[in-house]
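Here is the structure we will look at, set down as structure tokens.
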């Protein structure tokens, strides 16, 4: 049986939802946390993905228990920051 990886989705806008729909077809991915400062968007992605939790703060989603991978779909100028935070989180 294949390992399942806990995922945090950072960003639930138009592109975030495209990534969310794609992740529905990835058997090894289990989205645990969704972060977006616009909480209704985060809730919509959470419901679609059957995730556990929504956050307004992406850093909180990165540290959600069980997260092993992070999908960053935030504004481009924030990517480096969230990559660094994700790497530091392990």
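State, as an integer percentage, the relative contact order of the stretch 5-89 based on alpha-carbon contacts under 8 Å between residues 6 or more apart. Numbers along the way, then the final one.
Values: 160 pairs, mean separation 30.4, N = 85.
Taking the mean separation of contacting Cα pairs over the length of the stretch 5-89, I get 36 percent.
Of the residues 32, 24, 49, the one that moves most in a GNM of the chain with alpha-carbon contacts below 10 Å is 24.
The helix-based estimate of mean residue ellipticity at 222 nm for the chain, built from -39,500 (n - 2.57) per DSSP H run of four or more residues and divided by its residue count, is -11500 deg cm²/dmol to the nearest 500. The residue 77 and residue 52 beta-carbon pair, evaluated with R₀ = 35 Å, returns a calculated FRET efficiency of approximately 0.80. If you plug the beta carbon distance of residue 1 and residue 63 into 1/(1 + (r/R0)^6) with R0 = 25 Å, you get a FRET efficiency near 0.35. Rg and Dmax of the stretch 1-50, based on Cα coordinates, read 10.5, 37 Å.
What's the whole-number percent of alpha carbon pairs in the chain lying beyond 17 angstrom? Across the chain, Cα pairs with separations above 17 Å total 39 percent. Compute a Gaussian network model of the chain, connecting alpha carbons closer than 10 Å, and tell me which residue from 74, 54, 22 fluctuates the most. Result: 22 has the largest fluctuation of those listed.
Hey, quick one: spin label on residue 22, modelled 7 Å out along Cα-Cβ, who in the stretch 59-79 has an amide N within reach, i.e. under 12 Å? Only 71-73 fall inside the zone, counting backbone N under 12 Å.
We did not get these values from a lab; they are worked out from the coordinates using the rules stated. Since we're looking at a predicted model, the values are computed, not measured. Glycine gets a Cβ as well: all are built from the backbone with ideal geometry, and neighbour counts include every protein chain shown.
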